[in-house]
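Novice: Sharing a structure below in structure tokens format, with a few things to ask.
The values are calculated or read from the model by the stated rules, or taken from the named source; none is laboratory data. Note that this is a predicted model, so its numbers are computed, not measured. Methodologically, a virtual Cβ is constructed for each residue, glycine included, from the backbone with ideal geometry; neighbour enumeration extends over all protein chains shown. For the accessible areas, the whole protein counts, side chains as well, though only heavy atoms, and no ligand, DNA or RNA atoms are used. Shrake-Rupley method; radii C 1.70, N 1.55, O 1.52, S 1.80 Å.
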Amino acid sequence: MSATFVDHSPGSGPAIDVLIPAIEKDLATLPYVIDSLRRYVRHPISHIYIVSPNSSRIKNLCSQKGCIFVDETTILPFTKKAIHYSSPRWNRSGWLYQQLLKMNGDTICREKYFLVIDADTILIRPHRFRSQGKTILYCRDWSQPEYFRTYKKLLGSKAPSPRSFVTHYMLFECAKLASLKRKIEAKHGLPWHTAIIRCIDTRKQFGFSEFETYANYLYSLNSGSVILKTALNKSLKTSAASLGNSKTRLLAQKYRSLSFHQRKGYSRAPRP
């Protein structure tokens, strides 16, 4: 699949920003992610922000692709080094730090809505994220039980969780995200990020999901304000560069997006 710049008509719908947290290992897929957004997101995209450690290679890509580089150390009042979330077998500190960066996206993005997408996930079909005044949430049918336990600790109520919202990309509404963080702070008397870290059972490898938390909060406010669609994501072990146009078109008949995960140990778990 070539990484050429594609600028198709975005269609109608409110303008959005895009936020992509990334590190250098994501450079194998990140150009394709950016191109897929410009090709398949049916909203005008005002800005694409790449949030990353200080990296000349990522800065160069931002220049080539017309994106805005944001140094991740400027987003939160602490850095990844302040998070200690690991065991002798695994280390989830960077994973959690990246989720907290996403949850402060409302302090970076300028539009009312911003799309967060993982740096290893490529869209292969048109996507719309707002329709008839409602937010479209892409869903799947399994999640990690610990996500829902942490949600209840954070907000004091059970997540409505009609389905799982952990699907590698999600549209956030800045006002609703700010409201969620204020509610967490009011309940715990702590900064929202401190409350999240303290509510996680750090003995468990997957203790928090920003997507699960925000979407369940949105759903709990007004379930009629969201539209649920099946994500139809396919995880591949090949490289993004190895996909040709014909293979991509074939996959698009069945799937909406492709993920090229390099992480290990993320196994399916039943919902509670």
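Novice: Please give the FRET efficiency for ALA28 paired with SER246, using the beta carbon to beta carbon distance and R0 = 25 Å, rounded to the nearest 0.05. Show your work: numbers first, answer last.
Specialist: Values: r = 21 Å, r/R0 = 0.85.
According to the calculation, E is roughly 0.75.
Novice: Same structure, new question: Would you mind checking which residues have amide H under 5 Å from TYR49's amide H? H placed 1.01 Å from N; only 5 or more apart, or other chain.
Specialist: Here the answer is VAL18, LEU19, ILE20, ILE68, since their amide H atoms fall under 5 Å of that of TYR49.
Novice: Rolling a 1.4 angstrom probe over the protein heavy atoms, how many square angstrom per residue are accessible across the stretch 122-272?
Specialist: Details: 7100 Å² over 151 residues.
Heavy-atom accessible area per residue stands at 47 Å².
Novice: Between SER239 and HIS261, what is 0.36 nm times their sequence separation minus the Cα-Cα distance? Round to one decimal in nm. Intermediate values should be presented prior to the final figure.
Specialist: Working: separation 22, 0.36 × 22 = 7.92 nm, distance 0.96 nm.
Gain in length upon complete extension: 7.0 nm.
Novice: So, one more: Below 8 Å between Cα atoms, with a sequence gap of 6+, how large is the relative contact order for the stretch 41-166 in percent? Walk me through the numbers before you get to the answer.
Specialist: Details: 95 pairs, mean separation 23.9, N = 126.
Over the stretch 41-166, the number comes to 19 percent.
Novice: On a straight-distance basis, which aspartates and glutamates could pair with LYS25 in a cross-link, Cα separation under 15 angstrom, same-chain partners fewer than 8 positions away excluded?
Specialist: Within the straight-line limit of under 15 Å, LYS25 reaches these aspartates and glutamates: ASP118, ASP120.
Novice: Rounded to the nearest 5, what % of the DSSP beta bridges within the chain are antiparallel ones? Provide the component values of the computation, followed by the final result.
Specialist: Details: 12 of 33 bridges.
Once the DSSP bridges in the chain are tallied, antiparallel ones form about 35 percent.
Novice: Which whole-number percent gives the relative contact order of the chain, counting Cα pairs below 8 Å spaced six or more residues apart? Intermediate results must be reported in sequence, preceding the final value.
Specialist: Details: 478 pairs, mean separation 62.3, N = 272.
Here the relative contact order equals 23 percent.
Novice: In terms of the Cα gyration tensor, with a ≥ b ≥ c the square roots of its eigenvalues, is the stretch 129-208 rounded because a/c is under 1.5, prolate because a/b exceeds b/c, or oblate?
Specialist: Values: a/c = 2.20, a/b = 1.26, b/c = 1.75.
Verdict is oblate for the stretch 129-208.
Novice: Which cysteines does the chain leave without a neighbouring Cys Cβ under 4.7 Å?
Specialist: Cysteines of the chain left without a disulfide-compatible partner: CYS109, CYS139, CYS174, CYS199.
Novice: So how compact is the stretch 115-163: Cα radius of gyration and Dmax in angstrom?
Specialist: 14.2, 38
Novice: For the chain, modelled as a Gaussian network with Cα springs under 10 Å, which listed residue fluctuates most, PRO53, PRO88, PRO145?
Specialist: Taking springs between Cα atoms under 10 Å, the residue moving most is PRO88.
Novice: Amide H of CYS139: which non-local residues (sequence gap of 5 or more, or other chain) have their own amide H closer than 5 Å, using H built in the peptide plane?
Specialist: LYS229, THR230, ALA231
Novice: Bins of 5 Å, beginning at zero and ending with the bin holding the largest distance: percent of Cα pairs per bin for the stretch 1-135, please.
Specialist: Result returned by the calculation: 2, 10, 19, 21, 20, 13, 8, 4, 1, 0.
Novice: Return a whole-number percent for the relative contact order of the stretch 120-225, with Cα pairs under 8 Å and 6 or more residues apart as the contact set. Numbers along the way, then the final one.
Specialist: Numbers: 104 pairs, mean separation 35.7, N = 106.
Relative contact order here is 34 percent.
Novice: Right, here's the next one. Please build a GNM for the chain, connecting alpha carbons under 10 Å apart, and tell me which residue among LYS234, LYS153, LYS247 fluctuates the most.
Specialist: Top of the fluctuation ranking is LYS247.
Novice: Still on this structure: Structure shown: which of LYS80/LYS112; LYS102/LYS152; LYS59/LYS204 lie over 24 Å apart, alpha-carbon to alpha-carbon? Let's see the in-between values first.
Specialist: On the way: LYS80/LYS112 28 Å; LYS102/LYS152 20 Å; LYS59/LYS204 35 Å.
Exceeds cut-off: LYS80/LYS112; LYS59/LYS204.
Novice: For the chain, set up a Gaussian network in which alpha carbons nearer than 10 Å are linked by springs, and say which option among GLY156, GLY13, GLY105 fluctuates the most.
Specialist: Residue with maximal mean-square fluctuation among GLY156, GLY13, GLY105: GLY156.
Novice: Work out the charge dipole of the stretch 29-112 with +1 on the Cβ of Lys and Arg and -1 on the Cβ of Asp and Glu about the Cα centre, then indicate which of ILE68, LEU30, SER56 is farthest towards its positive end.
Specialist: Going by the Cα projections, it comes out as LEU30.
Novice: If you build the convex hull over the alpha carbons only and average its shadow over all orientations, what do you get for the chain? Give it in nm² to one decimal.
Specialist: Details: hull surface 54.9 nm².
With the hull built on Cα positions only, its mean projection is 13.7 nm².
Novice: Where both partners of a DSSP beta bridge lie in the stretch 120-272, what percent of those bridges are antiparallel, to the nearest 5?
Specialist: On the way: 6 of 14 bridges.
Rounded to the nearest five, the antiparallel share is 45 percent.
Novice: What part of the accessible area of the stretch 116-272, given as a whole %, is carbon or sulfur when the probe is 1.4 angstrom?
Specialist: Numbers: 3490 of 7150 Å².
Exposed carbon and sulfur together represent 49 percent of the surface.
Novice: Going by amide H atoms built from the backbone, whose H comes under 5 Å of the H on SER86, apart from near neighbours?
Specialist: The list, which skips near neighbours in sequence, is ARG92.
Novice: A follow-up question, please. Would you list, by chain and number, the aspartates and glutamates whose Cα falls below 17 Å from the Cα of LYS176, excluding same-chain residues fewer than 8 positions away?
Specialist: The reachable aspartates and glutamates, counting only those whose Cα sits under 17 Å from LYS176, are ASP17, ASP106, GLU111, GLU185, GLU210, GLU212.
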